[in-house]
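No value in this document is a laboratory result; all are computed from the given coordinates. Just so we're clear, the structure is a prediction, and the values are computed from it rather than from any experiment. Here the Cβ positions follow ideal geometry from the backbone for every residue, glycine too, while neighbour counts run over all protein chains shown.
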There are 2 protein chains.
Amino acid sequence: MSASEASAAIHAGQLTSEALVSACLERIAQRESEVRAWAWIDPEHALMQARACDSEQPRSRLHGIPVGIKDVIDTFDMPTGYGSPIYDGHRPVADAACVSQIRELGGVILGKTVSTEFATRHPNKTRNPHRLSQTPGGSSSGSAAAVADFMAPLALGTQTSSSVIRPAAYCGVCGYKPTFGLINRAGLKFLSESLDTIGILSRTVEDAAMLASELSGIAVSTPVDSRQKPPRIGLCRTPFWAHADSAVQDSLLTVAGLLEKAGAQISELNLPSEFSRMNEVQIALSAYEFYRALSHERTRHAGQISVSLTRRIAAGGKVTRAGYEAAQAATRDAQHWIARAFERFDLIIAPSAPAEAPDMSSTGEPTFGLMWTLLQLPCMTLPCGVGAAGLPLGVQVVAAHGADTALFDRAVWVERVLSVAGGK
Amino acid sequence: MSASEASAAIHAGQLTSEALVSACLERIAQRESEVRAWAWIDPEHALMQARACDSEQPRSRLHGIPVGIKDVIDTFDMPTGYGSPIYDGHRPVADAACVSQIRELGGVILGKTVSTEFATRHPNKTRNPHRLSQTPGGSSSGSAAAVADFMAPLALGTQTSSSVIRPAAYCGVCGYKPTFGLINRAGLKFLSESLDTIGILSRTVEDAAMLASELSGIAVSTPVDSRQKPPRIGLCRTPFWAHADSAVQDSLLTVAGLLEKAGAQISELNLPSEFSRMNEVQIALSAYEFYRALSHERTRHAGQISVSLTRRIAAGGKVTRAGYEAAQAATRDAQHWIARAFERFDLIIAPSAPAEAPDMSSTGEPTFGLMWTLLQLPCMTLPCGVGAAGLPLGVQVVAAHGADTALFDRAVWVERVLSVAGGK
């Protein structure tokens, strides 16, 4: 059952939050020892919240709906470990803004989902529910796995590079990274403050739209309007096309064909040559910032930082201010270019990840997330079939800066086209 | 002794950090019962840090220099109360990035300076060292008062509206609000994430430049170059000129005259009519954000929030997403306009505050800070004489986005012209 369906049933008096939360907890009890999606969960604490919801009138569409919270987002009543042994058992003094807002809206904070180390790439314990030998992706590993495995209908994640899009694609669910800044970040453990974006993992576009709208106040059609005229779509292979394996390449072209058949105007969007540097620009910009953001940890707890993160932090320390400002300038130029491109397109489609989920030794490559995050654009990955190994693939849909409402409307249309095609 | 002078003496082996910190502590012991600049200070803890500095080679120009930290910025070894009774005695788990960086550079974290409630306008206990019946301004009340009263050569503050510029002007010191984002904000208690900016209180331009450069890596001349050719200056009365009293108006015009006499090209910069809305735009944008950022406090600790802040939070809850996005759009337009204006000017001069410091019932009006903060421009207030009541006045100098290095160079020149004029 999707969050939106559950919400309608709760509002109609046909479902209690307690029953819904119990169903999630049962699934977790069955599967958690294998999937390892949760950094912290206490069934009784979750049920207590659910019963409190059931005792009052619904406050919003989120009322009674359980939400998993990535463990880099503070909760006052649950430990928050930031994916690092340094903060094992840490109890924040207050909820992050988004957590507090979910409670205010009547949502149930189900538990904390596993994050990689400070939301970077170093893997944590979570496994891909579709095949336990493979990574769920990262850094929002637990959020993606929990939603994919029906442990929760909704979860919050965060993205600095590709940390919502990649795990969602690997786990076969929807991942939504809003326009930079849409969901308030007070109480988030910062990695790179000019990129870090709180996002949403869900099983349907409508569910992500519901949570995003409740948190930020953006308008969404309820239910999201799918009767609009088919969109003008830019098929964007990106400068990193060669990094995608043939299944991913075929899948994107197949999706483009299906959307065209359904009425969309498809044309290729070729990015200018400067865009081939955008992944490097993102890496320089974020590294400069996380060298600073993690000053306390790197100076006082260096021994508890992974080797791979230690190396990335050291690289960040070598990015000069001039290098950082050059990265900012290149970003601004690219943002202007892409804003003009969106005069010709309602939506861009692009790969979500270079391949299916690799094994547990990494969380996969962020290749297809870096640029869109740097450009601050709203984007979403939708599941679209499987690759050669039988694991999920995703297609990424990207809209203009600030056009999150339009993104949802268009993504619902894409979701429907893919679902009809998948059903054939 | 300025921080730069102390730094030179420490590097030359003519001064120990222990002696410098002891002098600050003596001044604090004499004056703190009247000025009330400190939320937390432990002399022995400060001296211990100073002795550790003295036992090693200087790590940077900040080595051994004591810095006061506004109490909305996390410190792992000192309580951090965010200016609110809700967080009385709260101990953060980690240092904010900027605090950790100062320690890494060899600086001494002297103690926590008083902030107003969550860095908003509601007054706290600090008094203006120039006249104890008057406010030091806010929200960086303790930082401004401590630096003005020679309790510390440097202190960190934060600005969302006018929280560095206003208290610095009222207390007769330099206040520097960098280009948005220059000093990393990880570990800052957020109020309005798209405006909150960490800034510096100091007694000289050079001192602020030294700390800013060490934290961010921006280039500054060492010592800052004052032999450059005199700047092209835009005299900007701003749309809020009528809010300035006659002493402030006269003072700005007098400064313009002095700078012109010293060789600057002065011309009036008249802002287009849309700029008269900029203060309202700042208020809408920040209110939308702090309604969200303070979700935990307003939902769980409403009884411990002041009446005036409760009213502002409620107003923030009424700002719609559409209103917020309109404020963002108006801001972008104004940023583009001002960027073009800076093709004609090296520097803008404008009032820092509408009048001298009022009494302790408020922290004064943020009128002349809101717009520049919204535009994300680097700005600095420099002391320039006294008003009718004999209390300090300031002049605000503003540079183009990202031109912090140029701001320092120009501000040193202005500081010198004013100092020569003041000496006559």
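For A:A389 and A:S308, what does the FRET efficiency come to when R0 = 22 Å and r is the distance between their Cβ atoms, rounded to the nearest 0.05? Don't skip to the end; give the middle numbers.
Values: r = 25 Å, r/R0 = 1.13.
It comes out at approximately 0.35.
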Whether region A:367-424 is rounded, prolate or oblate, judged on the alpha carbon gyration tensor where a/c under 1.5 counts as rounded: oblate
Under-5 Å amide H pairs with B:V114, H placed in peptide plane, nonlocal only: B:W38, B:A39, B:G142, B:S143
Under the Karplus curve 6.51 cos²θ - 1.76 cosθ + 1.60, θ = phi - 60°, whole-Hz ³J(HN,Hα) for region A:245-261, x wherever Gly or Pro sits: 6, 5, 5, 5, 4, 4, 4, 5, 5, 5, 4, 4, x, 5, 5, 5, 4
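Which value in deg cm²/dmol, rounded to the nearest 500, describes the helix-derived mean residue ellipticity at 222 nm for the protein assembly as shown, given -39,500 (n - 2.57) per DSSP H run of n ≥ 4 and division by the residue count?
On the way: 28 runs with 340 residues, N = 848.
Counting only the DSSP helices, I get -12500 deg cm²/dmol.
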Shape category assigned to region A:172-321 from the gyration tensor of Cα positions, a/c cut at 1.5: oblate
Distant alpha-carbon pairs in region B:277-326 (separation over 17 angstrom), percent: 32
Amide H contacts under 5 Å for A:C384, placed H, 5+ residues apart: A:L393, A:G394, A:V395
Inter-label distance, nm, simple model (7 Å from Cα along the C-beta direction), B:W337/A:R131: 5.9
Share, in percent, of DSSP beta bridges within the protein assembly as shown that are antiparallel, nearest 5: 65
Region B:53-167 - Kirkwood radius from inverse mean 1/r over Cα pairs (Å): 14.4
Distance in nm between pseudo-label sites at A:E34 and B:S419 (7 Å out along the Cβ direction from Cα): 7.4
Across the identical copies, how the B:E34 labels are spaced - nm, sorted shortest first, 7 Å along Cα→Cβ: 7.5
Label distances, nm, A:G13 versus same residue in remaining copies, Cβ-directed 7 Å point: 8.8
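Arrange the following residues from fewest to most other Cβ atoms within 10 Å of their Cβ: B:V414, A:V412, B:V72. Show your work: numbers first, answer last.
On the way: B:V414 26, A:V412 23, B:V72 33.
Sorted ascending by nearby Cβ count, the order is A:V412, B:V414, B:V72.
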Translational diffusion of chain A, µm² s⁻¹ [Kirkwood Rh, Cα pairs; Stokes-Einstein; 10 °C; 1.306 mPa s]: 75
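To the nearest 0.05, what FRET efficiency results for B:E325 and A:R277 with a Förster distance of 35 Å applied to their C-beta separation? All intermediate terms of the calculation are to be shown ahead of the outcome.
Values: r = 31 Å, r/R0 = 0.87.
Given R0 = 35 Å and the Cβ-Cβ separation, E is 0.70.
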Per-residue ³J(HN,Hα) for region B:18-33, Karplus 6.51 cos²θ - 1.76 cosθ + 1.60, θ = phi - 60°, Hz, x for Gly and Pro: 4, 5, 5, 5, 4, 4, 4, 5, 4, 4, 4, 4, 5, 10, 4, 4
Kirkwood estimate for region A:108-214, i.e. one over the average of 1/r between Cα atoms, Å: 13.4
Zero-based 10 Å bins, Cα pair distances in region B:309-400, whole percents: 13, 34, 31, 20, 2
Estimated distance in nm for a label pair at B:S2 and B:L253, the labels positioned 7 Å out from Cα along Cα-to-Cβ: 3.1
Between region B:154-168 and region B:1-36, the alpha-carbon center distance in angstrom: 22
log₁₀ of I(q)/I(0) at q = 0.09, 0.14, 0.17 Å⁻¹ - region B:3-216, Debye sum with one point per alpha carbon: -0.28, -0.72, -1.10
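Taking the Cα centre as origin and putting +1 on Lys and Arg beta-carbons and -1 on Asp and Glu beta-carbons, what dipole magnitude results for chain B, to the nearest 20 debye? Please list the in-between numbers first.
Details: 38 positive and 41 negative charges, 145 e Å.
Once rounded to the nearest 20, the dipole reads 700 debye.
Given the pairs B:K112/B:K189; A:K70/A:K125; B:K112/B:K177; A:K229/A:K261; A:K318/B:K70; B:K125/B:K189, which are separated by over 25 angstrom at their Cα positions? If you can, show how the numbers build up before the last one.
Values: B:K112/B:K189 14 Å; A:K70/A:K125 14 Å; B:K112/B:K177 19 Å; A:K229/A:K261 13 Å; A:K318/B:K70 29 Å; B:K125/B:K189 20 Å.
In this structure, A:K318/B:K70 lie more than 25 Å apart at Cα.
In terms of the Cα gyration tensor, with a ≥ b ≥ c the square roots of its eigenvalues, is region A:1-85 rounded because a/c is under 1.5, prolate because a/b exceeds b/c, or oblate? Could you put the intermediate results ahead of the total?
Values: a/c = 2.17, a/b = 1.65, b/c = 1.32.
Prolate.
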Shortest-first nm distances, A:V93 label point to equivalent points in other copies (7 Å, Cα→Cβ): 1.4
Paramagnetic label zone (point 7 Å from Cα along Cα-to-C-beta, A:E56; backbone N under 17 Å) in region A:1-35: A:11, A:17-18
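Neighbour counts of other C-beta atoms within 10 Å: give me A:S115, A:S286 arranged from fewest to most.
Numbers: A:S115 31, A:S286 27.
Final ranking by Cβ density, sparse to dense: A:S286, A:S115.
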Theoretical gain in end-to-end length, A:H401 to A:D88 [0.36 nm per residue, Cα-Cα removed]: 109.0 nm
As computed over the protein assembly as shown, the Cα convex hull volume per residue (Å³): 152
Extent along principal axes [Cα atoms of region B:217-290; Å; largest to smallest]: 45, 38, 23
For region A:171-182, Karplus couplings with θ = phi - 60° (6.51, -1.76, 1.60), whole Hz, Gly/Pro x: 9, x, 10, 7, x, 10, 10, x, 3, 3, x, 5
Alpha carbon centroid spacing (whole Å) that separates region B:64-103 from region B:331-354: 33
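By counting other Cβ atoms within 10 Å of each Cβ, how are B:D42, A:D54 ranked from fewest to most?
Numbers: B:D42 13, A:D54 17.
Arranged by neighbour count, lowest to highest, B:D42, A:D54 become B:D42, A:D54.
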Antiparallel content of DSSP bridges confined to chain B, in %, to 5: 65
Other-chain or far-sequence residues with amide H under 5 Å of A:D95's (modelled H): A:F76
